[in-house]
1. Please work out how much length the chain gains when fully extended from R19 to K62, using 0.36 nm per residue of separation minus the C-alpha to C-alpha distance, in nm with one decimal.
2. Considering only protein heavy atoms and a probe of 1.4 Å, how much of the accessible area of the chain is carbon and sulfur, as a whole percent?
3. What ³J(HN,Hα) values, in whole Hz, does the Karplus curve 6.51 cos²θ - 1.76 cosθ + 1.60 give for segment 12-20 when θ = phi - 60°, with x put for Gly and Pro?
4. Looking at the chain only, what percent of DSSP beta bridges run antiparallel? Nearest 5 please.
5. Return the calculated 222 nm mean residue ellipticity for the chain, to the nearest 500 deg cm²/dmol, obtained by summing -39500 (n - 2.57) across DSSP H runs with n ≥ 4 and dividing by the residue count.
6. Kirkwood hydrodynamic radius for segment 2-95: how many Å is it when counted over pairs of different Cα atoms?
7. Say each of S54 and M89 gets a label point 7 Å from the Cα, pointing the same way as Cα to Cβ; how far apart are those two points in nm?
8. Output the pairs from K33/K84; K5/K33; K30/K80; K30/K75 with a Cα-Cα distance over 21 Å in this structure; if there are none, say none.
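The values are calculated or read from the model by the stated rules, or taken from the named source; none is laboratory data. Source: prediction; values computed, not measured. Every residue, glycine as well, gets a Cβ built from its backbone with ideal geometry; the counts of neighbours run over all protein chains shown. Ligands, DNA and RNA are excluded from the accessible area calculation, which covers all protein heavy atoms including side chains. Shrake-Rupley method; radii C 1.70, N 1.55, O 1.52, S 1.80 Å.
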Amino acid sequence: MEIQKQLENTTLTVALVGRLDAVTAMELDKELKASLEGVKELIFDLAKLDYIASAGLRILLKYQKLMDKNGNEMKIKNVKVEVKEVLDMTGFSDFLNIIDSKVKKLSIEF
């Protein structure tokens, strides 16, 4: 997985490319711990994230709780259909702040 970070004032945007699984979740956690000083808004851009595993979900939950605890905000944008389905099935869509989602339902013909 590739992690692309952009800090603008107090907003950190983290774009994830590839797969967020058990191995890459630890890498993301380290990157975020080192980057959150002074950040009031954390935005995850998932436009290029193809897969998310339970370890990746735990990271999103951890940082959602951390940002909430400190009175800050976390947003998730540009969620692909495959990742959105996982967020929906696990109930994470109910408490994560997913914005600007242009998710389209798959059309299946029989």
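1. Numbers: separation 43, 0.36 × 43 = 15.48 nm, distance 1.82 nm.
Using 0.36 nm per residue and subtracting the Cα-Cα distance, I get 13.7 nm.
2. Numbers: 3450 of 6780 Å².
Roughly 51 percent, rounded to a whole number.
3. Values, residue by residue: 10, 9, 10, 9, 10, 10, x, 10, 9 Hz.
4. Numbers: 7 of 23 bridges.
If we restrict to bridges inside the chain, about 30 percent are antiparallel.
5. Numbers: 3 runs with 40 residues, N = 110.
Mean residue ellipticity, 222 nm, calculated: -11500 deg cm²/dmol.
6. Working: mean 1/r = 0.0756 Å⁻¹.
About 13.2 Å, per the Kirkwood formula over Cα pairs.
7. Once both label points are built, they end up 1.3 nm from each other.
8. Numbers: K33/K84 25 Å; K5/K33 13 Å; K30/K80 24 Å; K30/K75 19 Å.
In this structure, K33/K84; K30/K80 lie more than 21 Å apart at Cα.
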